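Since the structure comes first, as C-alpha cells, the remarks are kept for the end.
The values are calculated or read from the model by the stated rules, or taken from the named source; none is laboratory data. Not measured: the values here are computed from a predicted model. So basically every Cβ, Gly included, is an ideal-geometry build from the backbone, and we count neighbours across all protein chains shown.
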Amino acid sequence: MKKRYIFLALVPIVLSIILALLPDKSNSIDAKRIAKNLKSAKYTGVSPDKLLLESVNDDRFMQPDELATVIMGQDPSYLLIDLRDAGQFGKFTLPGAINIPSDQILTDENRATFESDAYKYVLISNGTVLSDQVWMILRRAGYDNLKVLNGGLNQFYQLYLNPPKPGELDPSEAFENYRFRKAVGAHLGLPNPDEFIPGGSAAVASPTTTINKTQAVTKTPTKTVVPKKAAGGGDEGC
Amino acid sequence: MGPLIPDFISPEWNNIIAIVLGIAFGYVLESAGFSSSRKLVGVFYGYDFAVLRVFFTAAITASIGLLFMDYFGWVNMAALDGLPARVYPIIVGGIIMGLGFVTGGFCPGTCVTAIGIGKLDGYVFFGGIMIGVFVFSEMFPLLENFYNKSNLGDVSVPQYFNISPYWFMVGVSVIAIVAFYVTLQIRKRIKKVEY
C-alpha cells in the first residue's frame, strides 16, 4: 500500500520533469510565450500582418484633387505635414502646412502632433516615396488617420500649374474639373495656365481681350515666384 | 470539441459532448463521496482531505496531460480560454466562497451532485446560490469599478512571472505531493470522525 502511494507520487513529478527536459518545443506554448514576449517588448503599434495588408492597399493615398478641395474649403479637420527639410519648406509650401522634417518624425514633440484624433494628417513631400516611408514608420508606431499625398508636391503643382486641357468632345465634368484646377491654381498664386504655359504663342493665337494681357502684366511678380516653385519641386528628394 | 481533434468533431457536437462530460464529472464527484457535505468540509476541520487530494490530482493530471498534448501538437493551447485574472476581486470572492463552503458544506458543483441523489441540504444550498447570483447581478453597477480594477487579462502564472511552464509544472507537482504527505500526517494525528 505504502509502495503504491510512493509510485503514484513519483508519476507526476517524473512526467513533468520529462516534459521540462524534452528538446525542441518550437510547437509549444513555451515558444509562443517567447514569441509573445518579443512582440510585446518591442512594438506597441499595429501588428505586422495588419500593416502588410494596409501597405498593399491604396486607401492611404490622397489624390491631389481631394487635397485641393480641402485647401480651398479650408477644412479644419485636415492637418498638412510637410516632410521636407526646413530650407525647402521655407521656399514654398501649401497653405496651412506645418513643417516636420522626415528625420525628426519620431521626436517627442513631433509624436505629440500625431496623437490627436481630431485631425487627418496629410503627409507631403516632393514625391510619393518619402511620405510613404514616413507613413510606414508612423503606422508601425501606432498612429492613425494618416494620408499620403499621391504624387507629392511635384504632381500637385504640375496639375495646377498646367492642368491637362479637356478636348472638345470631353464630358462637361472634364471642363468643370479644368476650371476647378485653374481656380485652385489662382488661389495658390499660380498664373493662369491659359496665359502662362503657351507663352507668346497663346498671346498671338488669342489676342481676344486686352484685359487679359494687362492681367498677365500685373501677374509678372507671381510669375517670378513660379520658377522658384518649379525649381523647388524639381529637386525631388526621393 | 474545442481545441482537441477539431478536424474530426465538428462544433455542432460541442453541447452534446459538454452534457456527456458533465454527467461524467457528476458521476466522479458522487463516487468520490463529494455529495456529502460532511466529507467536503472535512478539509477545513482536518479529518478528511479527500477534496484537496482529488482536486489537486485532477489539476496536475490535466495540466501535465495538456502540456504533453501541446508538445505533440494535438491541442492548440492558444485556443483555450482562461478567465481574466482580476487580482483583488478574486481574493475577496475566494474568501466569500470559502465562507459559503465551510458553512453550507458544498461547492456549486457538488451541491448539484447532492441534488442528484436527493439531498435536501443540496436544494437549500442551490437556492442560496441562485439568490447570491441575483443579488450580485443587481448590485453589479456598484461593484463594477472594483470588479474591473487590477484586471491582468487572460494571463497564467508562468506567463506573469515569465518562467517556463514546464518547470512551473514540476514545482506544482512537488507541491502537490508535499501537500498530500502533510495532509496524511495531519489526518493521522486528528481524532477520526464518523460521518
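A few comments on the model shown:
- Test: residue in the range A:163-176 that is of a type in the set (D, E, K, R) and crowded, with 16+ Cβ neighbours inside 10 Å: no
- Scan of the range A:131-189 for residues that are within 28 Å of A:Asp49 (Cβ to Cβ) and among the charged types (D, E, K, R), ordered by number: A:Asp132, A:Arg139, A:Arg140, A:Asp144, A:Lys147
- Hey, B:Phe140 farther than 30 Å from A:Leu15 by Cα, free of Cβ contacts under 8 Å to residues at least 40 places away in the same chain, more than 14 Å from every other protein chain (Cβ to nearest Cβ) and of a type in the set (Phe, Trp, Tyr) or not: yes
- Residue that is under 22 Å from B:Ser36 (Cα atoms), at pLDDT 85 or above and surrounded by fewer than 11 Cβ atoms within 10 Å (Cβ to Cβ), where the choices are B:Gly128, B:Gly118, B:Gly100: B:Gly118
- Inclusion of A:Tyr78 among residues that are surrounded by fewer than 19 Cβ atoms within 10 Å (Cβ to Cβ) and of a type in the set (Phe, Trp, Tyr) is not warranted.
- Within the range B:9-45, the residues that satisfy the criterion of being small (Gly, Ala, Ser) and in a helix (DSSP H, G or I) are B:Ala18, B:Gly22, B:Ala24, B:Gly26, B:Ser31, B:Ser37, B:Gly42.
- The set of residues in the range A:111-141 being assigned to a loop (DSSP other than H, G, I, E, B) and either free of Cβ contacts under 8 Å to residues at least 40 places away in the same chain or farther than 25 Å from A:Pro64 by Cβ (or both) consists of A:Phe114, A:Glu115, A:Ser116, A:Asp117, A:Ala141.
- Condition met for B:Val155 (assigned to a helix (DSSP H, G or I) and among the β-branched types (Val, Ile, Thr)): no
- Qualifying residue in the range B:143-160 (condition: among the basic types (Lys, Arg), surrounded by 12 or more Cβ atoms within 10 Å (Cβ to Cβ) and more than 13 Å from every other protein chain (Cβ to nearest Cβ)): no
- Among the conditions (1) closer than 30 Å to A:Asp103 by Cα; (2) of a type in the set (A, V, I, L, M, F, W, C); (3) modelled with pLDDT of 85 or more; (4) part of a helix (DSSP H, G or I), the only one that A:Val148 does not satisfy is (4).
- Search result, residues across the range A:94-110 that are closer than 30 Å to A:His187 by Cα, free of Cβ contacts under 8 Å to residues at least 60 places away in the same chain and over 15 Å from the mean Cα position of the chain (by Cα): A:Gly96, A:Asn110
- Among residues of the range B:169-180 being more than 19 Å from the chain's Cα centre (by Cα) and more than 8 Å from chain A (Cβ to nearest Cβ), the one that is nearest to B:Phe56 (Cα to Cα) is B:Val178.
- Residue tally, condition surrounded by fewer than 16 Cβ atoms within 10 Å (Cβ to Cβ), more than 15 Å from the chain's Cα centre (by Cα), at pLDDT below 90 and within 16 Å of B:Pro108 (Cα to Cα), over the range B:24-56: 1
- Filter result for B:Leu67 (surrounded by 14 or more Cβ atoms within 10 Å (Cβ to Cβ) and on the phi < 0 side of the Ramachandran plot): yes
- Test: B:Ser164 is within 12 Å of chain A (Cβ to nearest Cβ) and within 25 Å of B:Leu21 (Cα to Cα): no
- Of residues in the range A:16-29 being part of a helix (DSSP H, G or I), facing chain B (nearest Cβ under 7 Å) and surrounded by fewer than 19 Cβ atoms within 10 Å (Cβ to Cβ), the one modelled with the highest pLDDT: A:Ile17
- Filter pass, A:Pro191 being surrounded by fewer than 18 Cβ atoms within 10 Å (Cβ to Cβ), in a loop (DSSP other than H, G, I, E, B) and modelled with pLDDT under 80: no
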